[in-house]
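Below you'll find the structure, written out as structure tokens, and then a few comments.
The values are calculated or read from the model by the stated rules, or taken from the named source; none is laboratory data. Everything quoted here is computed from the prediction, not taken from an experiment. All Cβ positions, even for glycine, are placed from backbone atoms using ideal geometry, and neighbour counts span all protein chains on display. Just the protein is used for accessible areas: all its heavy atoms, side chains included, with ligands, DNA and RNA removed. Shrake-Rupley method; radii C 1.70, N 1.55, O 1.52, S 1.80 Å.
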Amino acid sequence: MKKVYTIGEALIDFIPHEIGVPIEEVVSFKKMPGGAPANVAAAVAKLGGRSSFIGQVGEDHFGYYLKDMLSKNGVDVSHVLQTNKANTALAFVALKEDGERDFVFYRKPSADMLLNKADVQGLEFSSDDILHFCSVDLIEADVKYAHIEVIRNIKEAGGTVCFDPNVRKNLWDDLDAYQKTIQQFIPYADILKVSEDELAFITGEEEETKAIRSLLAESATLLIVTRGKDGVSFYTNTDDVSVEGFKVKAVDTTGAGDSFIGAFLYHFARMEKDVTKLSVEELAEMGRFANAAAALVTTKQGAINALPDLEEIQALMD
């Protein structure tokens, strides 16, 4: 089985006890482990895959908690560093009645932002390895250049790169710079995963067909467009396939996209083929599996704590 590496932020999600109220009116929160790349690594591991998280947390109680939680979920944490120069990142979440979210982040700077190029130069990859990353840690900080170093190394080894921009506009003061940064990293991706509501921002194209065409032109072998409860669409330069979602009662959509791509990468890691060789039938099967994983996450609060195992996914698919 291929090994899935993820790089970026691990943080604490503070999930509100009160639903349907703005964040300034929330009285109390529940602590949950999170951070999109960490969630993806945990999703792969919980399904029985091999995953490793590359990142940095604070030398504080939250940092030790996150490292322990990832390890307990089966993630290799040998590349998780800790620093006393900044605290572990925090995210406070407000939940709407339909499970959608608003975020307030505390990270100026946070420990993940201080991971630097020298910290990751010793990492070695093989052609069977997969690297997944997002855009939150592509800000103009040391961690951006750590990403570039790791991406360069796995590309040289012939591995597969997966990019999920996972857009968080409230973390960037300059949205033009944010858009340009995402566009700068898209050509590195063999697999590009975006949600349908991110297409216009990422590409500058309001019409979906034009946005999809522009992303495929950037060299991604496989474009994945997630559509929430409506499922997912896969696009290559020769084919496209759509897979319906599962109807569930959503209480919290935190981590749904991460669970989707984690389940997809777990499925892909079990296959002895390159992403360029995936058939329409295989994509449909992988999409249904990943849709089930994402749907199940929305029925519980939190991200890592809500991740399903294989038996739960199979039960929903049956």
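Okay, here's what the table says:
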item: When residues of the range 1-26 are limited to those that are β-branched (Val, Ile, Thr) and modelled with pLDDT of 90 or more, the one nearest to residue 89 (Cα to Cα); result: 12
item: Any hit, the range 25-34, residues being in contact with an Asp or Glu (Cβ under 8 Å, 6 or more places away or on another chain), open to solvent by less than 50 Å² (accessible area, probe 1.4 Å) and in a helix (DSSP H, G or I); result: no
item: Given (1) free of Cβ contacts under 8 Å to residues at least 24 places away in the same chain; (2) in a loop (DSSP other than H, G, I, E, B); (3) open to solvent by less than 20 Å² (accessible area, probe 1.4 Å), number of the condition residue 273 does not satisfy; result: (3)
item: Residue 252 touching a Gly at 6+ places or on another chain (Cβ under 7 Å), farther than 25 Å from residue 216 by Cβ, at pLDDT below 95 and not hydrophobic (A, V, I, L, M, F, W, C); result: yes
item: Sole residue being within 17 Å of the chain's Cα centre (by Cα) and either among the polar types (S, T, N, Q) or at positive phi (or both), chosen from 110, 135; result: 135
item: Which numbered condition residue 290 fails, given (1) buried (at least 23 other Cβ atoms within 10 Å of the Cβ); (2) touching a Ser or Thr at 6+ places or on another chain (Cβ under 7 Å); (3) not acidic (Asp, Glu); result: (2)
item: Lone unmet requirement of (1) out of contact with any strand residue (DSSP E or B) (no Cβ under 7 Å at 6 or more places or on another chain); (2) open to solvent by less than 20 Å² (accessible area, probe 1.4 Å); (3) not charged (D, E, K, R) for residue 95; result: (1)
item: Number of the condition not met by residue 188 [criteria: (1) of a type in the set (Ser, Thr, Tyr); (2) open to solvent by 70 Å² or more (accessible area, probe 1.4 Å); (3) without any contact (Cβ under 8 Å) to a residue 12 or more places away in the chain]; result: (3)
item: Failed condition for residue 313, given (1) on the phi < 0 side of the Ramachandran plot; (2) of a type outside the set (S, T, N, Q); (3) not in a helix (DSSP H, G or I); result: (3)
item: Some residue of the range 5-16 being closer than 27 Å to residue 227 by Cα, surrounded by fewer than 16 Cβ atoms within 10 Å (Cβ to Cβ) and over 18 Å from the mean Cα position of the chain (by Cα); result: no
item: Residue match in the range 197-208 (condition: open to solvent by 10 Å² or more (accessible area, probe 1.4 Å), modelled with pLDDT of 95 or more, of a type in the set (Phe, Trp, Tyr) and touching a strand residue (DSSP E or B) at 6+ places or on another chain (Cβ under 8 Å)); result: no
item: Among residues of the range 191-218, those that are more than 18 Å from residue 264 (Cβ to Cβ), hydroxyl-bearing (Ser, Thr, Tyr) and either in contact with a helix residue (DSSP H, G or I) (Cβ under 8 Å, 6 or more places away or on another chain) or in contact (Cβ under 8 Å) with a residue 12 or more places away in the chain (or both), counted; result: 2
item: Residue list for the range 104-125, filter: among the small types (Gly, Ala, Ser) and either touching a Cys at 6+ places or on another chain (Cβ under 6 Å) or open to solvent by 50 Å² or more (accessible area, probe 1.4 Å) (or both); result: 118, 122
item: Test for residue 37: is it at pLDDT 95 or above, open to solvent by less than 30 Å² (accessible area, probe 1.4 Å) and touching a strand residue (DSSP E or B) at 6+ places or on another chain (Cβ under 9 Å); result: yes
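Residues are listed down the side, and each one gets a yes or a no for (1) under 17 Å from the mean Cα position of the chain (by Cα); (2) farther than 23 Å from residue 253 by Cα; (3) buried (at least 21 other Cβ atoms within 10 Å of the Cβ):
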site	(1), (2), (3)
46	yes, no, yes
52	yes, yes, yes
56	yes, yes, yes
60	no, yes, no
70	yes, no, yes
86	no, yes, no
89	yes, no, yes
